[in-house]
Amino acid sequence: MEELKRPPTLVEAAADSIREAIYRGDYRPGQPLRENELSQSLNISRGTVREALRLLKNENGLIDSIPYQGAFVARLTPAKVKEIYTLRALLESYAVRIAIENGAYTDDDLVELKELVSELGELRTSRDYIEDIKADMEFHHMISERCNHKLLLGVLNNLQSQILIFILNTKLYQQVGSATGMEPRTCLRRVSMPVVEQNPLKIAQELLAFSY
């Protein structure tokens with residue numbers, strides 16, 4: 001008999017809805033999240049909305065709370081973004097190193113990495129930037145998760161949430177490619193190749209180059 005999965009509480013369900021709305025770009029960085037508007041649109045009490053916003057603030061930094069002003073979608077400065085990207089590059093390269101040393105990547109994993117890079121190329125052509133970003137995030141998740149280092153993956157997960165909200169709402173995704181002189185698909189291909197080659201040093205170099 002399979003173990004029953006606990007259904008989300010109303011607060012958790014509300015937090016999920018607000019999170020998805022932010023990820024879709026319905027709310028931009030710095031935009032207020034008004035309890036009365038959210039309670040009406042979600043058909044729940046303001047108290048439940050307040051708890052959901054508090055959950056998001058503690059969970060992954062999507063929400064900033066300012067005393068006497070309320071909750072706002074987190075705003076990231078260029079300096080903060082650079083810190084996040086460079087830290088992710090360092091942590092991801094370490095995660096990949098652990099995975100390689102443990103022989104954790106399967107042949108199927110390496111095939112999937114190549115398929116993700118190809119998928120990103122197709123999504124760029126279709127200009128479906130939401131799916132494009134999702135595929136990008138899946139790529140970074142996949143190269144890291146095989147390390148099986150729970151604390152490290154937890155930190156990376158929190159960084160991913162901040163990266164996703166920033167990219168989605170400001171379309172920095174296109175700017176990253178131009179800043180490095182490469183399209184995102186080219187950047188990810190250059191990261192994926194040393195994973196296939198099982199070369200941790202080269203992975204670290206490519207991830208750091210992509211971050212600057």
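The values are calculated or read from the model by the stated rules, or taken from the named source; none is laboratory data. All figures in this text were calculated on a predicted structure; none of them were measured in a lab. Virtual Cβ from ideal backbone geometry, glycine too; neighbours counted across all protein chains shown.
A few notes on this one:
- The set of residues from the range 21-43 being polar (S, T, N, Q), surrounded by 12 or more Cβ atoms within 10 Å (Cβ to Cβ) and not in a loop (DSSP other than H, G, I, E, B) comprises SER39, GLN40, SER41.
- Scanning the range 44-57 for residues that are β-branched (Val, Ile, Thr) and assigned to a helix (DSSP H, G or I), we see that the one that is farthest from LEU159 (Cα to Cα) is THR48.
- Positions within the range 58-96 being buried (at least 16 other Cβ atoms within 10 Å of the Cβ) and part of a helix (DSSP H, G or I), in sequence order: ASN60, VAL81, ILE84, TYR85, ARG88, ALA89, LEU91, GLU92, SER93, TYR94, ALA95, VAL96
- Near pairs, Cβ below 6 angstrom, 6+ apart or cross-chain, from the range 56-73 (closer than 13 Å to ARG19 by Cβ) to any residue that is charged (D, E, K, R): ILE63/LYS57
- With respect to the stated conditions, ILE98 is over 30 Å from ARG28 (Cα atoms) and either among the aliphatic types (A, V, I, L, M) or modelled with pLDDT of 80 or more (or both).
- Residue within the range 43-59 that is touching a strand residue (DSSP E or B) at 6+ places or on another chain (Cβ under 7 Å) and either at pLDDT below 90 or closer than 13 Å to LEU10 by Cβ (or both) present: yes
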